[in-house]
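We did not get these values from a lab; they are worked out from the coordinates using the rules stated. Because the structure is a prediction, the values reported are computed rather than measured. Using ideal geometry, Cβ is built from the backbone for each residue, glycine included, and neighbour counts are taken over all protein chains shown.
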């Protein structure tokens, strides 16, 4: 997969924006980055698209800014000259795809059928757009098409919103979803950047789904942990489960048999997509993670990791749902 697409995969959502006036590009980019989505697909549906891309890329060089609705080589040239880092097209035009490949520009063309997928494979692509997603059969069709084309990944756009976002992203063959629900045209034209920032933050929180998994309490020794867990379980009718290093009372309170990370203990935060959560917290919030605390699955997938800071004497770690 192209490095820029790997980066987009860690972000998870690609805001698809239509900009009528280039002066709106800078405040829009600020709102998206502040809201947690340093990414944008600027559609070539207006004369302002190239100028908007140029403004975004010059002012936010680390932002993943690409051009959408690209229909021909002339638009490819205009987008690349403006600083676009990737190209997206609504359909699969072999000439446009070949032109991008020859120029070394990542492109995700639109597909909606097995024939489209086979053309993409023939052209050497391993990621395609699925468009219009909901109208073309939605997640069920992507899963059906992914079965025979095991190495192909998808970036669906069209009808994706806060209600169905995670159902798409839960499918591992989907690297990210494109959507415009957090950047509606009327808010852009009205300059309601605070509202766009709010919608962007809500989209990120919907995607990541942060929730408290459990609280770990440091005890001096195993006997103290056992006493505390039994008392808590007795008072609130919770089952007590003894583990190797701790004792749980129910599923929400963990008593450590000896002090672990954190002055007082730790708080575990569950998330839908831990890699995306780490990327968001690192690049947007400025958090640092302790890599030596990372726990990984048999395929190297991240399962849990602590942030470096303590909050009120508690260490904090993320866990994959």
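The modelled label-to-label distance for the pair residue 222/residue 242, using points 7 Å beyond Cα in the direction of Cβ, is 0.7 nm. Each Cα pair under 8 Å and six or more residues apart adds its sequence gap; the mean of these over the residue count of segment 211-320 is a relative contact order of 27 percent. Across the chain, C-alpha contacts under 8 Å between residues 6 or more apart give a mean separation that, scaled by the residue count, equals a relative contact order of 14 percent. Consider all pairwise Cα distances in the chain and report the whole-number % of them above 31 Å. Result: 40 percent of Cα pairs exceed 31 Å. Okay, which of segment 296-312 sit inside 20 Å, backbone N to the point 7 Å along the Cα-Cβ direction of residue 215? Backbone N within reach: 306-307, 309-312.
Extension gain for residue 309 to residue 162 (0.36 nm times residue separation, less C-alpha to C-alpha distance): 49.8 nm. Label-to-label distance for residue 1 and residue 287 is 2.1 nm, based on points extended 7 Å past Cα in the beta-carbon direction. With the simple spin-label model, which puts each label point 7 Å out from Cα in the Cβ direction, the residue 260 to residue 62 separation comes to 3.1 nm.
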